[in-house]
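Down below is the structure, laid out as structure tokens.
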Amino acid sequence: MLKRILLTATLALGLGVSAAQAAEHYVIDTKDMYVFITFKIKHLGYSWLEGRFNRFSGYFDYDEANPVNNRVRIEIDIASLDSNHAERDKHLRSERFFDVKKYPKATFVSTGWEDHSNGKATLKGKFTLRGVTREIAIDVNQVGAGKDPWGGFRRGFEGTTTLHLSDYKMKEAHILGPVAENIQIWLSIEGVRQ
């Protein structure tokens with residue numbers, strides 16, 4: 001009887017360790033800038049304004065066999081906003097738009113992962129910007145995975161979503177015109193397995 005209890009406990013412990021270790025942990029590699037968070041928004045309905053955030057960090061856990069274990073967390077330095085125009089960037093960082101002095105960071109924390117075929121998925125999570133948290137969904141596509149030239153292992157994803165400026169209380173977003181309500185986001189993320 002004691003042997004059976006010990007065997008059961010050992011098996012349970014082993015299975016628990018296996019389940020915990022099943023998800024691979026990746027840190028997003030930002031030092032060489034192979035990763036991007038870009039945005040695209042219409043200006044008055046006549047042209048496009050494009051930009052990016054130059055500084056962000058994060059990690060993700062990926063379990064191909066059990067996607068329920070997949071997790072993502074990203075933190076964006078809003079002051080790193082870059083639209084290739086210094087005066088406009090200063091304007092966008094002001095309290096009239098992103099208000100970076102009061103809200104220097106934006107965060108995304110995943111709450112769910114819906115796996116589709118061919119490396120595609122829907123990533124759901126809570127996105128916080130300007131002190132406002134909203135549930136969003138990101139359409140995800142796995143770009144690739146494999147060994148790198150330095151002995152590591154990398155995995156990369158890209159994702160797209162559309163945010164609505166009025167959801168985040170940007171005081172003067174209306175001056176860009178009603179078509180500026182929707183801002184398209186593109187993420188290209190490459191992580192190094194730890």
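The values are calculated or read from the model by the stated rules, or taken from the named source; none is laboratory data. Everything quoted here is computed from the prediction, not taken from an experiment. We place every Cβ from the backbone using ideal geometry, glycine too, and count neighbours over all the protein chains shown. Protein only, heavy atoms only, side chains kept; ligands, DNA and RNA dropped before computing areas. Shrake-Rupley method; radii C 1.70, N 1.55, O 1.52, S 1.80 Å.
Counting only residues that are modelled with pLDDT under 95 and open to solvent by less than 50 Å² (accessible area, probe 1.4 Å), segment 68-92 holds 1 of them. Looking at this structure, is Val179 at pLDDT 95 or above and within 30 Å of Ser47 (Cβ to Cβ)? Here the answer is no, as Val179 does not meet what is asked. Within segment 93-121, restricting attention to residues that are part of a loop (DSSP other than H, G, I, E, B) and of a type in the set (Asp, Glu), which residue is most open to solvent (accessible area, probe 1.4 Å)? Selected residue: Glu95.
State which residue pairs qualify: first residue under 16 Å from Asp32 (Cα atoms) and inside segment 136-157, second residue basic (Lys, Arg) in any location, beta carbons under 9 Å apart, and separation of 6 or more residues or different chains. Close Cβ pairs (under 9 Å, with a partner that is basic (Lys, Arg)) amount to Asp148/Arg154; Gly152/Arg193; Phe153/Lys147; Phe153/Arg193; Arg154/Lys147; Arg154/Arg193; Arg155/Arg193. On inspection, Leu49 does not qualify as at pLDDT 95 or above and open to solvent by less than 30 Å² (accessible area, probe 1.4 Å). Of all residues in segment 112-121, those that are under 12 Å from Phe157 (Cα atoms) and not aliphatic (A, V, I, L, M) total 2. Residues considered: Ser117, Ser110. Of these, the only one that is closer than 20 Å to Asp63 by Cα and modelled with pLDDT of 95 or more is Ser110.
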